[in-house]
Amino acid sequence: MQLFYDKNSYMLSVFNKQQKKSILLWSIISLFVMNYNYHIIINIWFSLLLLYIIIDSILCQTVETKYVTYDIEQYGINGGVFSNTIVFYRFISNSNYRVQVDIHFFQIRGVTPQCTHDYLDVYINVSDVDILTNENLLHRYCGRNKPKTLVSLYHIIVLGFFTEDTQTERGFNGTFKFISSLPFRRNLYREPCHYIFNSSINKMGEFFSLTYPGTYLPWQFCNYSFIGQSDERVHLRFNDLMIYKTPGTQHCAIDMIKLYDNDLEPDDLRRFLNSFPTWSPTNNNYQLPQPYQTNINHITDLCGTFKSPPDVYSKSSKLLLYFISTHYDELASYTGEDESLISDNIWRKGFHAQYEFSKELTKLDFIISKRGQYISGTECDQTIKSYGQGQGIIFSPNWPNYYKPQTLCSNYFLGLDDRYTLEIVEIEFEQFNINCALAYIVLYNCSRIYDHKQSLTTTTTYTSSYSNYYRQTLDFKPNLTFCGIFKPEGKFVSKSALLKIDYIPVDRNTKSSLKYGGRFQANYRFIRSYHYVSADEYDSNPSLCNLSYYQTRSIQGKFEPPRSSDNDYFSRTNCSFNFYPLIMNDDNIDNRVLIWYDYFNIADIDTTTCTQDNLTYSFKFKYHTQFQHHNKTYCGYRNFPAPYLSYKSISLLRLEFRTNDDNNGGLGFDGRYKFINKTTIKKSIINECSSPFENYIYINENDQQSGNILSPNYPNSYPEQIVCEWKLKTNPGYYFSIIINSLDLEGSLKKDPSIGCQTSVLRIIHGHQQIDNTTNYISNELCGNDLFDDDSPHLHLKYHLTFENWFIIQFITLSRSTKEQLKGFNLTWTLLKEHGLNETYPCLDNFDCGKMCISSTLICDGYINCEPFSKNDELNCENNIQISFIKKHSILFIIVFILCIIMFWFLLLFILLVLRTKRKRKRQTLSSANHTNSNHINNDNKITTNRREDIDIDQKQKKKKRSKKNNSQSYIDTYDWDKTNMLEENVTTV
């Protein structure tokens, strides 16, 4: 059998496939016969029939309808089981019962919300089985989107199932039963869902949404009015609540329960309902209500689900509950495969609640109207706000009598918490008696302070009296629980502007035989405070932001301004941060403070003058009473102040943070401090760096007139985490000119807005003496690499002229944010002197730069020493280069000349000595030769004569040999002739 459910006619149709095949066969035969022109009329008839069957098979395939009815007369109130063997179901009971259907298994081909293949239509708003329209349709289901429990509005439920030819899914099955309609009709004033509950009829009972526990209908507006006697209050407890709530939202936008106190016809509800248009199924004209003004009697709106049953109390004897449901568009969008994934927020189950009219509920006369405010919908909760009143008294319910053990109340203390003020709450109990077997008191978000009158002794002479809140380590806990006959000792201070006190029964549902649970009385006050800001010491007046940090207590730490709950600093606030280095009797032992920032955001329109919100520095030297001010003011977003090192021998460094009363604000700053001395900073000092704890370097104007100071490793990248300080001083009457030759540090002073000098700074410090003999320090901070740009607003900072005979150079680096190769700095200092009284020669032997004088030795030295006054010292130097060179090296020339003369005389003496020695040796050689020859002449006469004869013979023979040769030899043995001649001379001499 092929089944089809036509949504227009809502008819179930069945076809016989065998009949279709027979008709099709006869039609084909008729076509064959028609080709031979037999029985033309009959063949035409069969052809038309064939065409009809084909079209009908393709389009609808419907020829008949079947219904299956499950009647209460047949199955009884316990019902039975059904499945999808039949595609149309009608569940009918009588007027005293309703139908409840539970689908246990559901697997139909299709995808929600389209359901284009197979689907199941559900009708629970049906009073006549023969009349089904789209307005009665609850929802269309397919896929795995199994319908939740279904309960009929009247006594009928209809299920219509459609499937195509090819069925590939298992279908569905479920159970049904018939439930009594009496609970839904009790206290019904007007159909379909206007209920009135009167305490004169019933003091307690239960009520439901219109089709609970089944899915409630769309576009329902149900009224539940509760009317009690004048001395009664209404208590509602929701045992089950599942009302659709748009996922991810906090308010009730689609379906809701609206609750009103002491008003059964509120004006805002009427306006809210009038904003709904008449729903038309032809154009699906849905829209949410327009915004309306809330009635003061409006308690709350409920939707979604709750882990624990919510309770609602009226303040008076009347209470209105209005249930509104709109449409199911969100429900149709579910496309999950697993029914367990369907959130309870998606299931429109409705609600089941209990009501009670009671004279035993807590009276609200213990709430002081001028200070406390009753929280609508609660039994006895109240809010106590500051409103600038400062202090007051709270009582337990039914004071001065005991409150009943089942009472559950909360007291909320709310101090001021905005951009102008932050207040904490202080609680101190005066009377206390709570039966621990029945109830207890819980304090949230606070810490207990015991000895609030005890003074604190410290090891430093700078201690002042200050609030007890800050003398102890405050251990803020989520809750503190108390009961018994002894009052909790001490005071309780909130961590923030909120403090909560709860009266909690041990077992609220148990009706104790003891009528009274306890009572208490407490004093409270709101105090403007900054205690949550970290510090070593606070001001004695907690309303003043005066924070102190001591080297004797902590070597390093963090500091920050007080902030509101929005994490912005307060307006109209003056906050002081005082840093106290350890003062030693020995002046050679020095302790100093290093300040830097991890974050900086102080709002101000003009980051140059910082006239609105700003941060300033001041300091005081030991043995001095007056403060001196640092000449820089800081503000702006990420316009970081440079790392700051305090001066030598200061006793106090103070940072002043001031804000105005505008609405512009920010997070303020996150600062760090560290107390350093010669021992702690030793590791950060390298060979090329002068320590901040070294003494002044004295410059003699006769020995040195100019010099250079370079950053460590210059021109290579400078190191991180170093603190360097060069201090130079000369004789009175002289000054220093400082010229920055090169600057390449992290940060920038040019960018708009400026990013400041967060990690690296070159600071040039000098000053001038005031009338009271104190020195006014002037500090110039430099960083970046754009100082020499022509459009730089800080181009003038390239040149510096001191007012006194000293200056200090500080170079501080932290951990850099970038790893770029930054060279550091190179500067030149030059000694200057003011013009003398002689107008013709104001500089005498020195060189005149225009307004100041420099040493004549600096003229034409290749460096302009007269800047910024002039460049005269390097003008017309081309013709005087040799002269200036000779003048500059005259002493060297004299020394070289003297050395040359000395060397000449030494060389001359050496030559004379050598000649004399040679003469002496020659005389000695001649005298010894003469003596030897005289001794041998007589003995050798004969030998000499014989030898001469032999020589003559040899000479004659040689002449004969030469004559015989045509080419005679030109070589003559001169040695033999010379020797002979020598012998002859010797003989002759003898």
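The values are calculated or read from the model by the stated rules, or taken from the named source; none is laboratory data. Since the structure is predicted, the reported quantities are computational estimates derived from the model, not experimental observations. Ideal geometry is used to build each Cβ from the backbone, glycine not excepted, and the neighbour counts take in all protein chains shown. Please note that ligands, DNA and RNA were not included when accessible areas were found on the heavy atoms of the full protein model with its side chains. Shrake-Rupley method; radii C 1.70, N 1.55, O 1.52, S 1.80 Å.
What number goes with the only condition from (1) assigned to a strand (DSSP E or B); (2) touching a Gly at 6+ places or on another chain (Cβ under 9 Å) that residue 252 does not pass?
With (1) assigned to a strand (DSSP E or B); (2) touching a Gly at 6+ places or on another chain (Cβ under 9 Å) applied to residue 252, the lone miss is (1).
From the list 699, 681, pick out the single residue that is within 28 Å of residue 836 (Cα to Cα), open to solvent by less than 50 Å² (accessible area, probe 1.4 Å) and touching a strand residue (DSSP E or B) at 6+ places or on another chain (Cβ under 7 Å).
Checking each option against the conditions leaves just 699.
Cβ contacts < 7 Å: first residue farther than 13 Å from residue 749 by Cα, restricted to the stretch 621-641; second residue at pLDDT 90 or above and aromatic (Phe, Trp, Tyr), any location; separation 6+ or different chain. Result?
Correct list of pairs: 627/619; 628/619; 630/617.
Applying the selection to the stretch 370-396, what residues are in contact with a Gly (Cβ under 6 Å, 6 or more places away or on another chain) and without any contact (Cβ under 8 Å) to a residue 40 or more places away in the chain?
Answer for the stretch 370-396, where residues must be in contact with a Gly (Cβ under 6 Å, 6 or more places away or on another chain) and without any contact (Cβ under 8 Å) to a residue 40 or more places away in the chain: 371, 382.
Sort through 890, 856 and tell me the only one that's at pLDDT below 80, surrounded by 10 or more Cβ atoms within 10 Å (Cβ to Cβ) and either in the same structural domain as residue 706 (by the TED database) or under 30 Å from residue 737 (Cβ atoms) (or both).
When all the criteria are applied, what remains is 890.
So how many residues does the stretch 816-826 have that are part of a loop (DSSP other than H, G, I, E, B) and touching a residue at least 60 places away in the same chain (Cβ under 8 Å)?
Qualifying residue count, the stretch 816-826: 7.
For the stretch 773-795, indicate whether the set of residues that are loosely packed, with under 15 Cβ neighbours inside 10 Å, under 33 Å from the mean Cα position of the chain (by Cα) and either β-branched (Val, Ile, Thr) or at pLDDT 85 or above (or both) is non-empty.
no
Output the number of residues of the stretch 350-394 satisfying the condition of being buried (at least 18 other Cβ atoms within 10 Å of the Cβ), hydrophobic (A, V, I, L, M, F, W, C) and over 23 Å from residue 311 (Cα atoms).
Count: 1.
Against the definition (surrounded by fewer than 19 Cβ atoms within 10 Å (Cβ to Cβ) and not acidic (Asp, Glu)), how does residue 163 come out, yes or no?
no
Counting just the residues of the stretch 652-672 that are open to solvent by 10 Å² or more (accessible area, probe 1.4 Å) and not in a loop (DSSP other than H, G, I, E, B), which one comes out nearest to residue 606 (Cα to Cα)?
The qualifying residue nearest to residue 606 (Cα to Cα) is 658.
Looking only at the stretch 171-223, which residues are small (Gly, Ala, Ser) and either more than 16 Å from residue 322 (Cα to Cα) or loosely packed, with under 15 Cβ neighbours inside 10 Å (or both)?
The answer is 171, 174, 180, 181, 199, 200, 205, 214.
Filter the stretch 512-528 down to the residues that are out of contact with any Ser or Thr (no Cβ under 8 Å at 6 or more places or on another chain) and modelled with pLDDT of 90 or more, then identify the one that is most open to solvent (accessible area, probe 1.4 Å).
Filtering first and then ranking leaves 523.
Residues checked against (1) at pLDDT 70 or above; (2) not in a loop (DSSP other than H, G, I, E, B):
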site: 394; (1), (2): yes, yes
site: 397; (1), (2): yes, no
site: 400; (1), (2): yes, no
site: 445; (1), (2): yes, yes
site: 453; (1), (2): no, no
site: 466; (1), (2): no, no
site: 473; (1), (2): no, no
site: 479; (1), (2): yes, yes
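On the given criteria, is residue 645 touching an Asp or Glu at 6+ places or on another chain (Cβ under 9 Å), among the aliphatic types (A, V, I, L, M) and surrounded by 15 or more Cβ atoms within 10 Å (Cβ to Cβ)?
Against the criterion (touching an Asp or Glu at 6+ places or on another chain (Cβ under 9 Å), among the aliphatic types (A, V, I, L, M) and surrounded by 15 or more Cβ atoms within 10 Å (Cβ to Cβ)), residue 645 qualifies.
Looking only at residues that are of a type in the set (Lys, Arg) and outside any strand (DSSP E or B) in the stretch 366-391, which one is modelled with the highest pLDDT?
Top of the filtered list is 371.
Between 108, 156, which is assigned by the TED database to the domain that holds residue 78 and over 23 Å from residue 192 (Cα atoms)?
After ruling out the rest, the residue left standing is 108.
Quick check on residue 607: is it in contact with a strand residue (DSSP E or B) (Cβ under 8 Å, 6 or more places away or on another chain) and open to solvent by 30 Å² or more (accessible area, probe 1.4 Å)?
yes
Any residue at all in the stretch 209-217 that is within 24 Å of residue 262 (Cα to Cα), outside the structural domain of residue 135 (by the TED database), without any contact (Cβ under 8 Å) to a residue 40 or more places away in the chain and among the small types (Gly, Ala, Ser)?
The answer is no, given that none of the residues of the stretch 209-217 is within 24 Å of residue 262 (Cα to Cα), outside the structural domain of residue 135 (by the TED database), without any contact (Cβ under 8 Å) to a residue 40 or more places away in the chain and among the small types (Gly, Ala, Ser).
Can you tell me which condition residue 555 does not meet? The list is (1) modelled with pLDDT under 90; (2) open to solvent by 10 Å² or more (accessible area, probe 1.4 Å); (3) among the β-branched types (Val, Ile, Thr), and all the others hold.
(1)
Of the residues 600, 619, 577, 627, which single one is open to solvent by 30 Å² or more (accessible area, probe 1.4 Å) and closer than 23 Å to residue 536 by Cα?
So the residue among 600, 619, 577, 627 that is open to solvent by 30 Å² or more (accessible area, probe 1.4 Å) and closer than 23 Å to residue 536 by Cα is 627.
Looking at (1) touching a residue at least 60 places away in the same chain (Cβ under 8 Å); (2) more than 30 Å from residue 689 (Cα to Cα), which is the one condition that is false for residue 813?
The failed condition is (2).
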